[in-house]
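Participant: Have a look at this one before I ask anything.
Just so it is clear, none of the values below were taken in a lab; they were calculated from the coordinates. Because the structure is predicted, anything quoted here is derived from the model rather than measured. Here the Cβ is made from the backbone with ideal geometry for all residues, glycine too, and neighbour counts use every protein chain on show.
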Amino acid sequence: INFNHDKNYEWNHSIITKYKNLGIDVSVLNAAHQHQLHCTALYLHRIIVPQDKRGSGLGTAFMQEFCEFCDDNELPIGTVPRAVPGQNQDELIHFIQKFGFLHVSNPKVNIYWNIVNGDYIRLPLSS
């Protein structure tokens, strides 16, 4: 994906805007190295659901749409899960694992560590 010209990036950006407008603090970054013109992976920097909205399904809905976008565009996702106050680290890790994120110690994903930053990596599902 060329982040400057591809229509899919605009769609991805609109998903982020949609959930930000619903009160979810979400940040997704291009995980490509500075010298690359095209995105080869995305980095889920943060997704924070306010306490009063936890359990509403908004975080799950975002993750489903985001992962579907990455599957459609064959983009792996990296992340480093970090709990915020009021959040349990183990529950956060379990949450991302439900979407197919694997720890980099898993041989299935550790070969991608150099192109996808993060302690957990999700490979795109075959269409």
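Participant: Any idea what the dipole of region 42-117 comes to, in debye rounded to 20, about its Cα centre with Lys/Arg Cβ at +1 and Asp/Glu Cβ at -1?
Facilitator: Values: 6 positive and 8 negative charges, 60 e Å.
The dipole magnitude comes to about 280 debye.
Participant: Quick one: what are the phi-derived ³J(HN,Hα) couplings along region 67-83, Karplus 6.51/-1.76/1.60 with θ = phi - 60°, whole Hz, x for glycine and proline?
Facilitator: So the J values, rounded to whole Hz, are 5, 5, 4, 5, 4, 4, 9, 6, 10, x, 10, x, 7, 10, x, 9, 5.
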